[in-house]
Amino acid sequence: IRILRLSGDDTDSSLVDALLGMADLQNSMTEYDQANGCYIECLEIQKKLFGKSHDDIASTLYAMGLTKNKQKLYSRALTFFQKALDIRVEIYGEADSSVRDTHSIMGFTEAANGELDNAIRKLGDALRVSQLLSNRIMEAETLSNIGNVHREKEEWELALEHYDSCLSIRIAELGNDDESVADVLMAIGNVQSDMSKHEDAVKSYKDGESS
């Protein structure tokens, strides 16, 4: 990085790559402020290279959001994710996996921040995009995640509704013996236990163990 900076070229893509690599290392070492500094420098170079709207810029903003999540600065994280989302929608439209992934991480971030209604809305956006993409596996995963938030809200029937939809898709796509089928059966059992439906819970747990 030092040598590349000395070259005097403030639009060097090699410097961007080096800075992103350094940011990854700093994140792994929990040096989040230093990582953020690398990302800021990256953005400055990327905007000179590409303008304001480019997938690489969206990726850097997304990475900055992940760093803020690690710091538990959830409102700041959501700001970066929203900027990344706006760029991705502008470039690709709604029906794109990167758009779905951004909606999804925003849902997780809202949940971590205690904003459960917002989490359900963002995960609902991720579900809609998964359906637009006809990606049944991701649809099932998002249904499970929505079910988790409803369980946290103690909305048992809504949680079961989403888990059941997830289960149907996973069985249809993956068969009865897939580990992900067992996972959602266990989740169903947990909700049934929360509802004091103990016999139903035991059956779901046994079905999960045999999957």
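The values are calculated or read from the model by the stated rules, or taken from the named source; none is laboratory data. All of these numbers come straight from a predicted model, not from anything done at the bench. Note: ideal-geometry Cβ built from the backbone for every residue, glycine included; neighbour counts use all protein chains shown. Note: areas computed on protein heavy atoms with side chains; ligands, DNA, RNA excluded. Shrake-Rupley method; radii C 1.70, N 1.55, O 1.52, S 1.80 Å.
Remarks
- Point-to-point label distance, Ser13-Lys206, nm (Cα→Cβ direction, 7 Å offset): 6.0
- Of all accessible heavy-atom area on the range 102-211, the percent that carbon and sulfur account for (1.4 Å): 44
- Nearest-ten-degree value, helix 13-28 long axis tilted from longest Cα axis of the chain: 50
- A 1.4 Å probe run over the protein chains yields, for the chain, 52 Å² of accessible area per residue, whole-number rounding.
- Pair-distance profile P(r), taking every C-alpha pair of the range 84-211, with 10 angstrom steps and integer %: 14, 39, 32, 12, 2, 0
- Computed from label points 7 Å out along Cα-Cβ, the spacing between Glu152 and Arg5 is 3.9 nm.
- Normalised by the number of residues in the chain, the mean separation of alpha-carbon contacts (under 8 Å, six or more apart) gives a relative contact order of 10 percent.
- Ordered by 1.4 Å accessible area with all protein chains kept, Lys83, Lys48, Lys72 run largest first as Lys72, Lys48, Lys83.
- Each residue of the range 118-133 was assigned a 3J(HN,Hα) from its phi angle through the Karplus expression (A = 6.51, B = -1.76, C = 1.60, θ = phi - 60°), giving 5, 4, 5, 5, 5, 5, x, 5, 4, 5, 4, 5, 4, 5, 4, 7 Hz with x at Gly and Pro.
- Accessible area (Å², 1.4 Å probe, nearest 10) - Arg170: 30
- Counting only the Cα atoms, the range 12-151 fills a convex hull of 104 Å³ per residue.
- Restricting the range 1-86 to GluC sites (Glu not before Pro) that sit in a DSSP loop and have at most 16 other Cβ atoms within 10 Å of their own Cβ leaves Glu31.
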